[in-house]
Amino acid sequence: MHKNRKLICPRCENTELQKKNVKNIEIDFCPECSGIWFDEGELEIMLGDKFSYQKIYNNLFPVEESFECPSCGVNTVKQEYRKNRFVLYVESCPYCKGFWLDGGELDQLLSLSQAFKLSKRNTLRPVRVEESPDEVGEVIRHYTYIDIDEIGDEKHLTAAIYFFCLLSQSPYEIYNPRKYFPTALFGLIILNIYIFIHMLDLEIESLIEFLSVYGLVPSSLFTGFNFHQLVTHAFLHGGMSHLLLNMYFIWIFGDNIYDLFAAYGRKKGALVFTTFYLIIAVCGGLAHSMFSSFSETMKTMPLVGASGAASGLLAAYWRKFPRSRFYQVILVFPFKVRVSTYMSIWLMSNIYMAFRYGIESQVSWLAHMGGFAAGYLLINRFIPEKLKNVEL
């Protein structure tokens with residue numbers, strides 16, 4: 001900021017801001033509202049070496065545009081720091097890197113150091129990497145500034161999309177462009193296809209043996225301790241339509257979820273996303289196995305398919321992007337629906353089918369619901385960020 005420029009308090013419009021010398025820096029202070037303006041680097045000096053300025057800065061997420069910067073006139077960005085029940089808002093200028101703190105917010109910001117000291121590293125959460133804060137910020141900004149309400153309406157229902165939705169009874173995502181190509185997700189899909197092609201080459205006796213070893217057999221899981229089946233069953237499929245439908249759902253719902261993981265680094269993000277994917281697949285398999293164990297018929301039949309993982313990605317997408325919209329064709333009538341509407345119908349239909357056909361159904365509705373519950377409950381454990389323009 002230009003120290004010889006006359007400043008006006010952005011809060012109370014007081015023109016008599018005072019200059020104070022603190023720790024050999026000259027800050028601008030409003031005596032009426034106790035607000036403080038910090039030029040670039042001054043807040044870091046104020047916090048001192050014992051505070052992690054970079055961690056605090058990287059954990060401040062854009063909320064909305066605020067007042068004009070008193071230094072350069074650019075609109076400042078109101079940012080939010082949230083930890084459990086603790087919430088702090090500050091305004092910063094993206095151009096001159098200055099900060100405005102209202103009265104009392106400096107003390108709150110200083111208290112964050114203790115919160116960071118007490119925070120334990122969670123191996124399941126992709127903690128922000130200080131060496132690549134710009135990459136993280138790019139993904140957050142990418143989704144923050146997507147205007148789904150306005151741009152989404154420009155994506156019209158073409159004849160090809162209409163017939164695809166009609167014949168497959170699957171939704172088609174209208175508009176939610178990703179930032180990065182989902183390499184790990186693509187790799188998982190390729191692996192599913194490769195294993196399916198391998199299964200096509202097996203003779204019937206070899207295929208039965210293959211399914212008994214790598215499919216999820218509830219009786220074998222609990223009595224033979226074949227826990228690998230909780231993972232391997234999610235890469236096997238019983239037919240071409242089964243494979244294509246699961247891969248389609250995994251792709252359209254998983255690419256944006258993968259984006260949020262990729263923000264934390266290409267290698268680390270891919271690894272943690274894959275971990276999340278496998279966990280929801282395991283949860284779907286556990287839900288199926290626990291209930292199928294009560295049926296003499298079903299407890300010996302192998303479960304195959306990535307439906308549990310796909311359902312978990314649906315739930316995670318719903319929680320992170322509740323304003324996204326889809327085309328869906330029911331009977332012959334096309335509809336444009338929000339993901340929340342689609343997911344509500346999907347969930348209710350799965351619950352209905354589970355009660356109607358029970359545990360001996362050829363489709364494991366319980367695996368769907370187990371994966372769905374895991375995805376919905378765990379996504380905020382892995383990705384705690386709030387995305388303003390895509391969260392209600």
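The values are calculated or read from the model by the stated rules, or taken from the named source; none is laboratory data. These numbers were taken from a predicted model, which means no experiment stands behind them. All Cβ positions, glycine included, derive from the backbone under ideal geometry; neighbour counts span all protein chains shown.
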- Spot the failing condition for S349; the list is (1) over 21 Å from E296 (Cα atoms); (2) polar (S, T, N, Q); (3) touching a residue at least 60 places away in the same chain (Cβ under 8 Å), and only one is missed. (3)
- Just need a number here: residues in region 169-184 that are in a helix (DSSP H, G or I) and either out of contact with any Ser or Thr (no Cβ under 9 Å at 6 or more places or on another chain) or among the acidic types (D, E) (or both). 1
- Scan region 202-226 for residues that are among the acidic types (D, E) and surrounded by 12 or more Cβ atoms within 10 Å (Cβ to Cβ) and report the count. 1
- Note on the structure: Residues of region 319-357 being over 19 Å from Q169 (Cα atoms) and among the aromatic types (F, W, Y), in sequence order, are F321, F355, Y357
- Quick one: in region 34-78, of everything that is modelled with pLDDT under 75 and assigned to a strand (DSSP E or B), which residue is nearest to L260 (Cα to Cα)? F61
- Item | Checking M199 against (1) modelled with pLDDT of 85 or more; (2) in a loop (DSSP other than H, G, I, E, B); (3) crowded, with 16+ Cβ neighbours inside 10 Å, the condition it does not meet | (2)
- Enumeration of residues in region 280-308 that are part of a helix (DSSP H, G or I) and surrounded by fewer than 19 Cβ atoms within 10 Å (Cβ to Cβ): M290, T300
- Message: Of all residues being touching a Leu at 6+ places or on another chain (Cβ under 6 Å) and modelled with pLDDT of 80 or more in region 14-30, which is farthest from G41 (Cα to Cα)? Just the residue, please.
- Response: C30
- Which pairs have Cβ atoms under 8 Å, sit 6 or more apart or on different chains, and link a residue in region 165-189 that is within 13 Å of V329 (Cβ to Cβ) to one that is in a helix (DSSP H, G or I) and among the aromatic types (F, W, Y)? S168/Y248; S170/F164; S170/Y248; S170/F249; P171/Y342; Y172/F164
- Item | Test: Y258 is at pLDDT 85 or above, among the hydroxyl-bearing types (S, T, Y) and touching a Ser or Thr at 6+ places or on another chain (Cβ under 9 Å) | yes
- Selected residue (criterion: modelled with the lowest pLDDT) from residues of region 367-392 that are surrounded by fewer than 15 Cβ atoms within 10 Å (Cβ to Cβ) and outside any helix (DSSP H, G or I): L392
- Neighbours by Cβ (under 8 Å, 6+ apart or cross-chain): first from region 1-13, under 17 Å from I25 (Cβ atoms) and not assigned by TED's automatic domain parsing to the domain that holds V90; second of a type outside the set (D, E, K, R) and modelled with pLDDT under 50: L7/M1
- Message: Restricting to region 230-261, name every residue that is in contact (Cβ under 8 Å) with a residue 40 or more places away in the chain, in a helix (DSSP H, G or I) and either touching a His at 6+ places or on another chain (Cβ under 7 Å) or of a type outside the set (A, V, I, L, M, F, W, C) (or both).
- Response: H233, H242, L243, N246, Y248, G254, D255, N256, Y258, D259
